[in-house]
1. Would it be correct to say that Val26 is in contact with a Ser or Thr (Cβ under 9 Å, 6 or more places away or on another chain) and either in contact (Cβ under 8 Å) with a residue 60 or more places away in the chain or hydrophobic (A, V, I, L, M, F, W, C) (or both)?
2. Step by step: first the residues of region 120-138, then only those that are exposed (fewer than 13 other Cβ atoms within 10 Å of the Cβ) and not hydrophobic (A, V, I, L, M, F, W, C), then the one that is modelled with the lowest pLDDT. Which residue is that?
3. Go through region 37-89 and give me each residue that's in contact with a Phe, Trp or Tyr (Cβ under 8 Å, 6 or more places away or on another chain), on the phi > 0 side of the Ramachandran plot and touching a residue at least 24 places away in the same chain (Cβ under 8 Å).
4. Filtering region 131-147 down to residues that are among the polar types (S, T, N, Q) and closer than 17 Å to Ser2 by Cα, which residue is nearest to the chain's Cα centre (by Cα)?
5. Which of the residues spanning region 43-64 are surrounded by 13 or more Cβ atoms within 10 Å (Cβ to Cβ) and either at pLDDT below 90 or farther than 27 Å from Leu104 by Cβ (or both)?
6. With respect to Tyr27, is the statement that it is surrounded by 13 or more Cβ atoms within 10 Å (Cβ to Cβ), more than 30 Å from Tyr149 (Cβ to Cβ) and aromatic (Phe, Trp, Tyr) true?
7. Taking Leu111 as the residue in question, decide whether it is touching a residue at least 24 places away in the same chain (Cβ under 8 Å) and either of a type in the set (Asp, Glu) or closer than 24 Å to Ile32 by Cβ (or both).
8. Would region 30-45 turn up any residue that is over 30 Å from Ser130 (Cβ atoms) and in a strand (DSSP E or B)?
Amino acid sequence: MSRKSQEKFREFHRYLGFFLAGIMAVYAFSGIVLTFRNTDTFKKKEVVEQLIEAGLAEEELAGTLNMRLTVNKTEDGVIFFSNDGTYEIASGKVSYVKTSYPLLLAKMNKLHLMNTTNPLFWLAIFFGLSLMFFSISAFFMFNTGTSIYKKGLYFAVAGAALTIVLLLV
């Protein structure tokens, strides 16, 4: 590869990298937060108390509340369910604890987990393609005969192999 085209790759790689640094920081942070999604870490708790239709059966309760729940027991006309919830069958009074991310974290996680129903899905495609460009263009920034290039190939193969091993375990 000529020196001039190497310089163009380096320049494009550099400025695209600067541009994507903010996006990568948000994705990295939301990825860390999502690692803890099965816990209440980073989430705020809110006690919800409301009146709903009285006399609901256990099966109807989840649909009425529009949430997944596990009924623990029914005792003295009160249904006890997950999320520290109770439902008084006679009066329709329901109380439970709702956990959710603060607004900014919720938006970041939505961005991280987006699909084609999100109007910003093009951002995820652009980000993925840009990372693919980074992966490939790194090999065009050095002459193929140099030791840095050869070491880079070893590290790339090691990274791919480690990922495959971790996926299979």
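The values are calculated or read from the model by the stated rules, or taken from the named source; none is laboratory data. Keep in mind it's a predicted model, so treat the numbers as computed, not measured. We place every Cβ from the backbone using ideal geometry, glycine too, and count neighbours over all the protein chains shown.
1. On the way: in contact with a Ser or Thr (Cβ under 9 Å, 6 or more places away or on another chain): no; either in contact (Cβ under 8 Å) with a residue 60 or more places away in the chain or hydrophobic (A, V, I, L, M, F, W, C) (or both): yes.
No: the conditions fail for Val26.
2. Only one residue tops the list, namely Ser135.
3. Phe42
4. At the first step, the residues of region 131-147 found to be among the polar types (S, T, N, Q) are 135, 137, 143-144, 146-147.
Pick out the ones that are also closer than 17 Å to Ser2 by Cα and you get 137, 143-144, 146.
Details: Ser137: 27, Asn143: 38, Thr144: 37, Thr146: 39 Å.
Among those residues, the one meeting the criterion is Ser137.
5. Ile52, Leu56, Glu58, Leu61, Ala62, Thr64
6. Taking the combined requirement at face value, the residue does not satisfy it.
7. yes
8. Scanning region 30-45 turns up at least one residue that is over 30 Å from Ser130 (Cβ atoms) and in a strand (DSSP E or B).
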